[in-house]
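Structure, as structure tokens:
The values are calculated or read from the model by the stated rules, or taken from the named source; none is laboratory data. Only a predicted model underlies this, so the values are computations on that prediction, with no experimental measurement involved. Positions of Cβ are generated from backbone atoms using ideal geometry, with glycine treated the same way; all protein chains shown enter the neighbour counts. These accessible areas exclude ligands, DNA and RNA; they are computed on the full protein's heavy atoms, side chains included. Shrake-Rupley method; radii C 1.70, N 1.55, O 1.52, S 1.80 Å.
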Amino acid sequence: MASPGRIELDKLSVEQLKGLKEQTDLEVNLLQDSLTKIRTAATRLENASAALQDLSLRPHGKKMLVPLTASLYVPGSLNDAEKVLVDVGTGYFIEKTMAQGKEYCERKINLLKSNFDELVELATKKKAIADEMGLLLQAKLRQASPGPSS
């Protein structure tokens, strides 16, 4: 007996199965896009954490190039390595100590890794369901179209 909420795939028509497979394939693609975005965000945070570590080791008054964007740098000097501005999203920055800034990055990285692991598990399950539907659809299509008789 099927569990409640579970669709019995073998009882679906070919058209219903095609539609459900397309929907599941779309969900898998969206999950894979999300995984890519999470991976990119985690990499950015890891780079930020490494930059904080590098800044903490530089002497006061050290001349350096300061990034304004990914491709625009301006000359500057390091006056206070103990305070940093942390981008918390949507254009908001919070002043924190160097240690708090590093801790913030680590906390966000751990959260992203946790979300990543959950999404990988979900994407794997959805992909298995989509593959099962694909095989069932092929079998139904073979049954529906008589092959050449021997």
TODO: Mind grabbing the accessible area of residue 92 for me, 1.4 Å probe, Å², rounded to tens?
DONE: 150
- [ ] Please name which of 49, 74, 128 has its Cα lying farthest along the dipole of segment 31-136 towards the positive end, using unit charges on Cβ (Lys, Arg +1; Asp, Glu -1) and the Cα centre as origin.
- [x] 74
- [ ] With a 1.4 Å probe and every protein chain left in place, tell me how much accessible area residue 10 has, in Å² to the nearest 10.
- [x] 100
TODO: Work out the FRET efficiency for residue 100 and residue 23 from their Cβ-Cβ distance, taking R0 = 41 Å, and round it to the nearest 0.05.
DONE: 0.40
Open item on the list: I'd like the carbon and sulfur percentage of the solvent accessible area for the chain, probe radius 1.4 Å, heavy atoms only, ligands and nucleic acids excluded.
Closed with: 57
- [ ] May I ask for the net charge around residue 118, where only other residues with Cβ less than 13 Å from the Cβ of residue 118 are counted and Lys, Arg are +1 while Asp, Glu are -1?
- [x] +1
Task: segment 73-150, relative contact order in percent, only Cα pairs under 8 angstrom and at least six apart counted - done: 15
TODO: Would you indicate which of [x] 10.9; [y] 10.5; [z] 15.7 is the value of mean projected area of the Cα convex hull in nm² derived from the coordinates of this structure?
DONE: [z]
TODO: Please give the length that would be gained between residue 145 and residue 11 if that part of the chain were fully extended, namely 0.36 nm times their separation in residues minus their C-alpha to C-alpha distance (nm, one decimal).
DONE: 46.4 nm
Open item on the list: Modelling each spin label as a point 7 Å along the Cα-to-Cβ direction, I'd like the residue 88/residue 125 distance in nm, to one decimal.
Closed with: 3.4
Open item on the list: Can you tell me, using C-alpha contacts under 8 Å and at least 6 residues apart, the relative contact order of the chain as a whole percent?
Closed with: 31
Open item on the list: Report the number of Lys pairs in segment 31-136 whose alpha-carbons are under 21 Å apart, with separation of 8 or more residues or on distinct chains.
Closed with: 17
Task: residue 40 accessible area, 1.4 Å probe, all protein chains in place, Å² to nearest 10 - done: 70
